[in-house]
Amino acid sequence: MRMSYADLSSPGTFRSNNSYTIKYGKTNPYYYKGKVAVLVNCITISAAEVLTLAIKNAPDAVVIGEPTAGALAIVAYQPLLGGASTRITGAGVYLNDGSCTYPDGIPLDFTVHQTPEDVKAGRDTQLEFAKRLLSK
């Protein structure tokens, strides 16, 4: 994946950061041959998203859950009036296909939502879905 940064001398302009490119995957005859599921949700952020991308690249790996935060770079928290706050990032992270991870997050293979009713009943629908999928 590639990153960009905000050019402070030209507001609204983002430049490619060629010195910060993360490469993952290589030819390895001893890679894990089993199925892998990564469970994510809206609080999956930053380094956890980078790790998810690396695992997603493996054969028989799937990403299951809800959209991630999409903030794989430096995030600044800006306080607002009344005690509220917002997040701002001055960087972009781009996948090999050219798509940006912000604001949509990591591409999911299967979207599975956890509802408040599921939580109250003690059910983890994402984990249950992953177990069914991996047992096939």
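Structure values in brief
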{"read-out": "Residue that is farthest from residue 110 (Cα to Cα), among those in the stretch 11-53 that are at pLDDT below 90, open to solvent by less than 40 Å² (accessible area, probe 1.4 Å) and not in a loop (DSSP other than H, G, I, E, B)", "value": "50"}
{"read-out": "Unique match (being hydroxyl-bearing (Ser, Thr, Tyr) and within 21 Å of residue 3 (Cβ to Cβ)) among 68, 86", "value": "68"}
{"read-out": "Pairs where the first residue, in the stretch 107-133, is without any contact (Cβ under 8 Å) to a residue 40 or more places away in the chain and the second is basic (Lys, Arg) and in a loop (DSSP other than H, G, I, E, B), C-beta under 8 Å, 6+ apart", "value": "none"}
{"read-out": "In the stretch 107-129, residue most open to solvent (accessible area, probe 1.4 Å) [restricted to those that are closer than 12 Å to residue 62 by Cα and not in a helix (DSSP H, G or I)]", "value": "111"}
{"read-out": "Residue match in the stretch 69-81 (condition: closer than 14 Å to residue 45 by Cα, at pLDDT 80 or above and either of a type outside the set (Phe, Trp, Tyr) or loosely packed, with under 11 Cβ neighbours inside 10 Å (or both))", "value": "yes"}
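The values are calculated or read from the model by the stated rules, or taken from the named source; none is laboratory data. None of these values were measured; they are calculated from a predicted model. A quick note on method: Cβ atoms are made from the backbone with ideal geometry, for glycine too, and the neighbour counts reach across all protein chains shown. To get the accessible areas, we keep the full protein, side chains included, count just its heavy atoms, and leave off ligands, DNA and RNA. Shrake-Rupley method; radii C 1.70, N 1.55, O 1.52, S 1.80 Å.
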